[in-house]
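Nothing in this text is a laboratory measurement; each read-out follows from the coordinates by a stated rule. These numbers were taken from a predicted model, which means no experiment stands behind them. Cβ coordinates were reconstructed from backbone atoms using ideal geometry, including for glycine residues, and neighbour counts include every protein chain displayed.
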Amino acid sequence: MRIGYPCVNESLDCTATSTFRLASYSDERVELAVANNLGCLLRILQFNVAQGLLFFRIGSGIVPFGSHPVNVFPWQTRFADEFRAVGDYIKAHHMRVSFHPDQFVVLNSPDAGIVERSIQELVYQGSMLDLMGLDSTHKLQIHVGGLYGDRELAISRFIDTYRRLPAAVTARLVIENDDRLFSLQDCLRVHAAVGIPILFDNFHHECLNHGEPMMEALRLAAATWHPERDGVMMMDYSSQALGERKGKHTATLEEDLFRNFLVDVGDLDVDIMLEIKDKEASAQRACGILRDVGRIAILAGATTE
DNA sequence: AGCCGTCAAGTTTAC
DNA sequence: GTAAACTTGACGGCT
């Protein structure tokens with residue numbers, strides 16, 4: 001089991017998502033930004049290894065305007081060595097990484113232009129994993145998309161689009177249950193049609209479900225991951241921010257809730273991405289809790305033998 | 001030097 | 001019909 005956090009490290013003064021405005025686009029700025037971002041990404045990964053955090057979500061903005069037609073800079077060849085070095089580091093330390101294209105990637109949109117731009121974004125993000133030399137256990141996670149007033153049609157449109165995706169994308173694409181529109185059950189239907197793994201989000205499941213207990217939901221999602229092709233299940237973990245709008249992520253890890261969640265996880269192998277505002281601070285505490293729970297389990301085992 | 005409106009992209013929900 | 005939320009920093013024009 002690995003624990004990680006998304007995109008931003010708050011301890012280091014180094015950001016892997018530096019960018020600039022479209023209006024000030026130039027090839028030179030792309031080159032500067034990518035050099036900075038890959039350098040910072042490696043530093044963040046080194047920091048993570050030192051902390052025992054072996055799961056990390058890489059931000060979408062490593063290459064500014066990476067899938068935009070304005071960007072014709074040959075970053076794939078210019079930074080081939082740097083991407084390869086990052087990938088070598090990840091493999092050497094048995095880390096796992098993912099990408100989470102943001103809300104503009106909507107594969108089930110009725111607008112063909114939006115679908116095409118979405119596919120290009122997925123191709124861009126997948127190509128970074130290719131350049132790093134990372135296999136299909138490193139994933140691209142998206143949501144099913146919009147509802148457009150007709151759930152059946154929306155799901156079937158996702159399936160149709162999925163079948164047209166390039167193999168480099170489908171090898172890595174996973175869908176996540178969301179908190180308002182597409183539940184775990186909806187994702188399971190998409191999985192049944194095309195075999196796409198489901199990245200389980202416990203907090204979204206708490207917000208939107210059909211009565212499945214957490215332990216059952218985890219096992220349903222885990223069964224959608226093909227061990228050799230996909231690796232162990234990835235999941236997002238969070239909890240409700242107290243006193244805030246329903247669905248708002250907590251600012252910091254609620255340790256008791258996380259400890260209880262690990263009990264539900266049991267002996268299921270899963271890599272956990274903490275979607276929590278204070279990033280690596282909570283991730284480090286989560287690692288400590290995981291070690292405690294493991295130690296207690298070992299002690300409990302010892303006393304019964 | 002510091003303030004602060006704005007930033008490629010989509011969709012839903014609240015007002 | 002328009003704006004906020006998703007999530008968030010930081011770009012960059014302006015004083």
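Working from the pairwise distances between different alpha carbons, so that the mean of 1/r is found and then inverted, what is the range A:2-292's Kirkwood radius in Å? By the Kirkwood definition, the hydrodynamic radius is 19.6 Å. Of the residues A:Leu188, A:Pro74, A:Leu38, the one whose Cα sits farthest towards the positive end of the charge dipole of chain A is A:Pro74 (charges of +1 on Lys and Arg Cβ, -1 on Asp and Glu Cβ, taken about the Cα centre).
How would the range A:1-87 be classified by its alpha-carbon gyration tensor: rounded, prolate or oblate, with rounded meaning a/c under 1.5 and the a/b versus b/c comparison settling the rest? Prolate shape, in that a/c is at least 1.5 and a/b is the bigger ratio. Each part reduced to its alpha carbon centroid, the range A:230-305 and the range A:158-196 end up 26 Å apart. Listing A:Cys187, A:Cys207 from fewest to most neighbouring C-beta atoms within 10 Å gives A:Cys207, A:Cys187. If you count Lys pairs in the range A:2-292 whose Cα atoms are under 27 Å apart, skipping same-chain pairs closer than 8 places in sequence, the total is 9. Computed about its Cα centre, the charge dipole of the range A:133-172 is approximately 80 debye, with only Lys, Arg, Asp and Glu carrying charge at their Cβ. Counting only the Cα atoms, the range A:121-176 fills a convex hull of 72 Å³ per residue. When A:Lys91, A:Lys139, A:Lys279 are arranged by Cβ crowding within 10 Å, least crowded first, meaning fewest neighbours, the order is A:Lys91, A:Lys279, A:Lys139.
Averaging the sequence gap over all C-alpha pairs within less than 8 Å and six or more residues apart, then dividing by the number of residues, gives the range A:29-167 a relative contact order of 25 percent. The simple spin-label model puts a point 7 Å past each Cα toward its Cβ; for A:Val70 and A:Glu206 those points are separated by 4.0 nm.
Among the cysteines of chain A, A:Cys7, A:Cys187, A:Cys207, A:Cys287 have no other cysteine beta carbon within less than 4.7 Å of their own. Using only side-chain charges placed at the Cβ, +1 for Lys and Arg and -1 for Asp and Glu, the dipole size of the range A:2-292 relative to its Cα centre rounds to 400 debye. The ranking of A:Arg78, A:Arg117, A:Arg245 from fewest to most other beta carbons within 10 Å of each one's beta carbon is A:Arg245, A:Arg78, A:Arg117.
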